[in-house]
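Scroll down for the structure; my scribbles are underneath it.
The values are calculated or read from the model by the stated rules, or taken from the named source; none is laboratory data. Note that the coordinates shown come from a computational prediction; the quantities given were computed from them, not determined experimentally. So basically every Cβ, Gly included, is an ideal-geometry build from the backbone, and we count neighbours across all protein chains shown. Keep in mind that these areas ignore ligands, DNA and RNA; they rest on the heavy atoms of the full protein, side chains included. Shrake-Rupley method; radii C 1.70, N 1.55, O 1.52, S 1.80 Å.
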Amino acid sequence: MSTSFIKLFEEINIDDISEVGGKNASLGEMIRSFKGTDISIPGGFVVTATAYKYFLSKTGLDNFIKQELKGLNISNLADLANKGQSIREKIKSTEFPEDLKAVIREALKDAERKYGKNADFAVRSSATSEDLPEASFAGEHETYLNVRGQDDILLAIRKAMASLFTNRAISYRVDKGFDHLKVYLSVGVQKMIRSDLGCSGIMFTLDTETGFKDVVLINASWGLGEMIVQGEVIPDEFLVFKRNLNKRKSLFKHFKPIIEKKLGRKFKKMIYGEDKPTKVITTTDKEKNSFTLSDEEILKLARWGVQVEDHYSRKKGGWTPMDLEWAKDGLDGKLHIIQARPETVHAVRDFSKIKDYVRVGDGMKLVSGASVGSKIAVGKAKIILDAKDIESFEKGEILITKMTDPDWEPIMKIAAAIVTDEGGRTSHAAIVSRELGIPAIVGCIKATTRIPDGQEITVDCSGDEGVVYKGKLDFKIIEHDVKKIPETKTRIMMNIATPETAFEKSFLPNKGVGLAREEFIIASNIGIHPLALLNYDKLPESVKDLVGKITLGYPDKKKFYIDKLAFGIARIGAAFYPNPIIVRFSDFKTNEYRKLLGGDLFEPSEENPMIGWRGASRYYSGDFAPAFLLEIEAIKKVINEMGLDNILVMVPFCRTPDEGKKVLRLMEDHGLSKSKFKHLKIYVMCEIPSNVILADKFLDIFDGMSIGSNDLTQLTLGIDRDGNEKIKGIANENDPAVKVLISQVIKKCKARDKYIGICGQAPSDYPGFVEFLIKEGIDSISLNPDSLVQTTLQVHKLEQR
């Protein structure tokens with residue numbers, strides 16, 4: 001079969017990029033390298049770059065193209081569009097030379113003998129400069145699906161070749177400095193997988209927003225995968241922690257390190273058509289409200305992704321994260337890898353250089369969605385709903401649109417930011433924005449109707465949720481060079497508020513997380529009072545309806561709470577693994593619990609909730625204990641199912657040793673104990689004077705203490721920490737009374753060889769307080785991320801004295 005014009009996939013490998021292009025070379029590499037393994041990759045054949053060059057020269061198309069592009073100015077979008085269309089139509093209408101046509105027909109006959117008469121194929125272009133880390137052409141050329149029969153496949157191959165001259169591809173080559181006639185194209189003809197009857201998606205072997213290496217990100221939607229790339233759906237999203245993929249919990253069982261599952265908005269899907277290759281239909285209610293993949297399938301794909309990444313990393317001699325496409329055949333239920341290419345954004349990043357974008361002040365929120373990148377941009381909103389109107393866009397404006405495809409790229413690269421109604425983090429808008437290094441917010445739903453055209457706006461992607469604010473808000477950029485930050489004897493840890501920031505913050509020098517607050521996860525990722533979920537069937541219809549909408553995909557409402565809490569904890573645990581993560585059980589006050597959906601049905605009104613029913617007193621109370629058991633189950637899931645053995649726990653606002661014993665007994669009775677999990681440490685917050693006065697009794701039952709300087713100051717000095725203007729100037733954490741208590745408890749813990757740290761606000765707010773802590777010999781200081789580097793340098797200097 002092998003000729004200079006045609007190659008079977010199994011005849012090529014990654015060294016053949018110049019002849020078959022990046023996509024095809026990678027397919028051949030995988031088919032050859034993973035033969036005999038459980039990784040399934042559909043085969044086919046390649047029309048080579050030699051064939052493409054022969055086609056152009058034999059028919060005179062090369063001279064035609066050269067003349068058409070003479071004097072081209074890509075800034076003149078009308079001229080670019082006219083020349084591009086002229087070239088494409090000429091290529092599509094020009095027949096292949098007879099000798100080339102004959103070998104393609106013969107290759108197709110061989111493929112049909114293998115896969116069946118009139119078998120369905122995907123015809124994909126693969127440029128010889130495509131998918132290289134230094135010059136990504138991802139998404140620049142075309143794919144044709146469900147193509148059958150010799151005539152249609154020959155036409156699809158010419159169409160694929162013509163896509164080398166789409167407007168955006170021409171523009172892209174000019175930007176990257178490529179000669180149009182020295183970038184060649186091959187075309188892959190690959191057996192289709194019947195994912196139109198199943199599902200498909202994209203998989204990255206890293207976190208696409210931060211470059212965090214230790215996770216596999218899987219996006220999935222029903223039907224053919226084009227809907228994800230085109231941004232027509234917001235796919236399901238799954239995160240898997242790589243390090244524990246092959247880690248065993250017993251002789252016969254592996255851990256299942258799925259650390260996040262998000263149900264997408266999958267309102268439509270692409271399937272095979274009757275009178276045309278494909279069509280788009282509405283998904284069923286069951287498809288909308290259920291996950292596309294089982295846990296076993298998620299883990300199988302993740303393992304495949306890691307195997308492919310390991311192979312390419314060995315081949316390259318360095319870490320090579322991968323961007324893969326996969327499909328599940330609806331006929332036999334089997335999974336397949338259908339494309340793989342090196343990821344091209346973070347692969348070349350220097351992770352020792354860190355930039356933090358920090359918004360200063362607040363503004364009116366217009367819309368929100370999934371953030372792409374971690375930057376902040378300001379500019380004038382420009383709403384464009386159709387690619388034919390892109391000529392009105394000016395450099396530095398912020399593009400607001402429903403979704404993008406490659407036709408939008410000429411203006412995307414001059415935009416300050418991009419905001420779309422539709423799409424997820426692997427949509428076209430997200431992929432191109434990431435590559436261009438500009439912030440984008442995707443899946444906002446109503447951006448085009450809620451953001452006024454011409455309005456000055458701020459696009460803030462510094463968190464997992466991207467937010468568009470009205471007006472130009474100030475922001476600052478903080479730069480760090482991790483290599484220049486020294487080690488300290490005192491453990492410098494971090495306070496993490498929301499799990500979504502954990503991957504990005506993990507690049508800062510740290511010894512783990514000294515305070516991970518459950519209440520932030522509950523408020524942002526769950527938003528429903530736990531007792532409302534436990535009593536779902538008894539809720540008023542109006543509340544029940546809202547709870548039902550939030551918990552789509554979870555018939556078992558109890559499982560929703562456990563999973564969402566576990567996923568939040570696990571994301572933090574994975575980000576800093578194997579460093580310890582101290583997870584504080586929930587410490588909502590009654591007024592805060594009442595703000596959760598359904599909270600007013602279960603919470604009393606208190607005059608002073610700050611010193612009311614909170615912390616440990618809730619956990620063993622008959623009214624709240626069933627809700628606390630959900631927290632215990634979430635921690636167990638993270639440790640026992642996902643294998644994150646760096647998770648430690650902490651009990652807040654524990655007024656007496658007897659309260660501590662009741663909580664520990666409850667934990668023991670429900671399977672969360674040090675006898676079952678040998679690594680487990682159970683700490684108590686030191687935030688009430690009684691914790692210091694009776695420190696020895698608390699230390700008899702707990703493994704150590706973490707000082708909460710905010711509450712300790714409030715309760716020592718009788719000052720309302722919620723900010724009573726009339727008394728707030730009297731004293732703060734630097735008050736001698738507070739320092740005496742802290743000094744005493746540090747000495748007690750050191751004498752008992754028990755852990756003692758601080759996770760309160762004082763070290764972040766008062767630099768002089770750090771010196772006091774170092775002199776007292778504290779084990780660890782846990783800080784807000786924005787003050788971590790500065791305080792680390794201060795601690796190092798103090799330790800040198």
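Dipole magnitude for the chain: computed about the Cα centre from +1 point charges on Lys and Arg Cβ and -1 point charges on Asp and Glu Cβ, it is near 1400 debye. Shape summary of the range 646-775, radius of gyration then Dmax from alpha carbon positions: 15.5, 51 Å.
For the range 256-299, a crude dipole built from +1 on the beta carbon of Lys and Arg and -1 on the beta carbon of Asp and Glu, taken about the Cα centre, is about 260 debye to the nearest 20.
How big is the shadow of the Cα convex hull of the range 199-332, averaged over all directions, in nm²?
On the way: hull surface 39.8 nm².
Computing the convex hull of the Cα atoms and averaging its projections yields 9.9 nm².
If R0 is taken as 41 Å, the Cβ-Cβ distance between N73 and K101 corresponds to a FRET efficiency of 0.65. Expressed per residue, the C-alpha convex hull volume of the range 500-579 stands at 91 Å³. Taking all Cα-Cα distances within the chain, those exceeding 38 Å account for 46%. Expressed as a whole percent, the accessible area of the range 210-252 that falls on carbon and sulfur atoms is 54 (1.4 Å probe).
Ignoring ligands, DNA and RNA, how do Y172, Y561 rank by accessible area with a 1.4 Å probe, largest first?
I get Y172, Y561, largest accessible area first.
List the pairs from K262/K472; K288/K564; K355/K413; K256/K747; K505/K726; K589/K739 whose alpha-carbon separation is above 30 Å, in the order I gave them. Walk me through the numbers before you get to the answer.
Working: K262/K472 32 Å; K288/K564 19 Å; K355/K413 21 Å; K256/K747 42 Å; K505/K726 37 Å; K589/K739 26 Å.
Beyond 30 Å between Cα atoms: K262/K472; K256/K747; K505/K726.
Based on the reciprocal of the average 1/r between different C-alpha atoms, the Kirkwood radius for the range 182-238 equals 13.2 Å.
One quarter of the surface of the convex hull around the alpha-carbon atoms of the range 40-102 equals 6.4 nm², the direction-averaged projected area. Once backbone amide H atoms are built at 1.01 Å from N, E456 has A381, G471 as its partners under 5 Å, excluding neighbours fewer than 5 places away on the same chain. Once the chain from S93 to K109 is taken as fully extended at 0.36 nm per residue, the excess over their C-alpha distance is 3.4 nm.
Considering only the chain, what is the antiparallel percent among its DSSP beta bridges, to the nearest 5?
Within the chain, antiparallel bridges account for around 70 percent of the total.
Just need log10 I(q)/I(0) for the range 151-253 at q = 0.15, 0.19, 0.21 Å⁻¹, Debye formula, equal scatterers on the alpha-carbon atoms, no solvent, rounded to two decimals. Per q value, in the given order, log10 I(q)/I(0) is -0.97, -1.13, -1.13.
Normalise the Cα radius of gyration of the range 456-525 by 2.2 N^0.38 Å (N = residues in it) and let me know the number. Kindly include the intermediate steps, with their values, before the conclusion.
Values: Rg = 15.3 Å, N = 70, 2.2 N^0.38 = 11.1 Å.
Taking the Cα Rg and dividing by 2.2 N^0.38 Å, one obtains 1.39.
Accessible surface of I390, taken over heavy atoms with a 1.4 Å probe and every protein chain present, rounds to 20 Å². To the nearest 20 debye, what is the magnitude of the charge dipole of the range 1-156 about its Cα centre, counting +1 on the Cβ of each Lys and Arg and -1 on the Cβ of each Asp and Glu? Dipole of the range 1-156, to the nearest 20 debye: 360 debye. Roughly what angle does helix 77-93 make with the longest principal axis of the chain, taking Cα atoms, 0 to 90 degrees, to the nearest 10? With rounding to tens, the tilt is 50 degrees.
Ligands, DNA and RNA aside, H529 has an accessible area near 0 Å² when probed at 1.4 Å. When nucleic acids and ligands are ignored and a 1.4 Å probe is applied, F393 ends up with an accessible area of around 20 Å². Stokes-Einstein, applied to the Kirkwood radius of the range 674-722 over Cα pairs at a viscosity of 0.890 mPa s and 25 °C, places its translational diffusion at 206 µm² s⁻¹.
Sort the following peptides by mean Cβ neighbour count (other Cβ atoms within 10 Å, averaged over residues), highest first: 492-499, 669-676.
Working: 492-499: 23.8, 669-676: 13.5.
Sorting 492-499, 669-676 by mean packing, highest first, produces 492-499, 669-676.
Our summary gives the chain a relative contact order of 9 percent, counting only alpha carbon pairs under 8 angstrom and 6 or more residues apart. Antiparallel as a % of all DSSP beta bridges within the range 289-423, to the nearest 5? Bridges in the range 289-423 that DSSP calls antiparallel: roughly 50 percent.
Taking the mean number of other Cβ atoms within 10 Å as a proxy for protection, how do you rank 790-799, 407-416 from highest to lowest? Mind dumping the intermediate values first?
Working: 790-799: 16.6, 407-416: 20.8.
Highest to lowest by the protection proxy: 407-416, 790-799.
Once the Cβ-Cβ distance of T37 and K276 is raised to the sixth power relative to R0 = 56 Å, the FRET efficiency obtained is 0.95. Averaged over residues, the count of other Cβ atoms within 10 Å places the peptides 542-553, 297-308 in the sequence 297-308, 542-553, highest first. Restricting attention to the range 593-647, which GluC sites (Glu not before Pro) occupy a DSSP loop and are surrounded by at most 16 other Cβ atoms within 10 Å? Answer in residue order: E606, E607.
Per residue, the chain exposes an accessible area of 40 Å² to a 1.4 Å probe, with every protein chain left in place. Mean projected area of the Cα convex hull of the range 27-71, taken over all directions, amounts to 4.9 nm². Within the range 603-716, the proportion of Cα pairs with more than 21 Å between them is 39 percent. Angle between the Cα long axis of helix 17-33 and the longest principal axis of the chain, 0 to 90 degrees, nearest 10? Relative to the chain, helix 17-33 is tipped by roughly 60 degrees. Compactness of the range 22-170 was expressed as the Cα radius of gyration divided by 2.2 N^0.38 Å, which yields 1.14. Toward the positive end of the charge dipole of the range 459-584, with +1 on the Cβ of Lys and Arg and -1 on the Cβ of Asp and Glu, the farthest Cα among S542, P578, I528 is that of P578. Taking amide H positions as modeled 1.01 Å from N, with prolines and chain starts lacking one, the residues under 5 Å from T320 and 5 or more places away or on another chain are S313. Can you give the net charge of the other residues whose Cβ lies under 12 Å from the Cβ of Q307, counting K and R as +1 and D and E as -1? Charge balance in the 12 Å sphere: +1. Which angle from 0 to 90°, rounded to the nearest 10, does the C-alpha axis of helix 49-59 make with the longest principal axis of the chain? Orientation of helix 49-59: about 40 degrees from the principal axis.
Any idea what diffusion coefficient the range 261-359 gets from Stokes-Einstein, in µm²/s, Kirkwood Rh on alpha carbon pairs, 37 °C, 0.692 mPa s? Please list the in-between numbers first.
Details: Rh = 17.0 Å.
Approximately 193 µm²/s, per Stokes-Einstein.
For the range 170-223 and the range 746-801, what is the separation of their Cα centres, given in Å? Between the Cα centres of the range 170-223 and the range 746-801 lies a distance of 47 Å. Evaluated at q = 0.24, 0.27 Å⁻¹, a Debye calculation over the C-alpha positions of the range 138-209 (equal weights, vacuum) places log10 I(q)/I(0) at -1.09, -1.17. Based on alpha carbons, the Rg and Dmax found for the range 725-801 are 13.2, 42 Å.
Normalised size of the range 634-693, defined as Cα radius of gyration per 2.2 N^0.38 Å with N residues, equals 1.21. Across the range 392-468, Cα-Cα pairs more than 18 Å apart make up 29 percent of the total.
Over the chain, DSSP H runs of length four or greater, each weighted -39,500 (n - 2.57), average out per residue to a 222 nm ellipticity of -10500 deg cm²/dmol.
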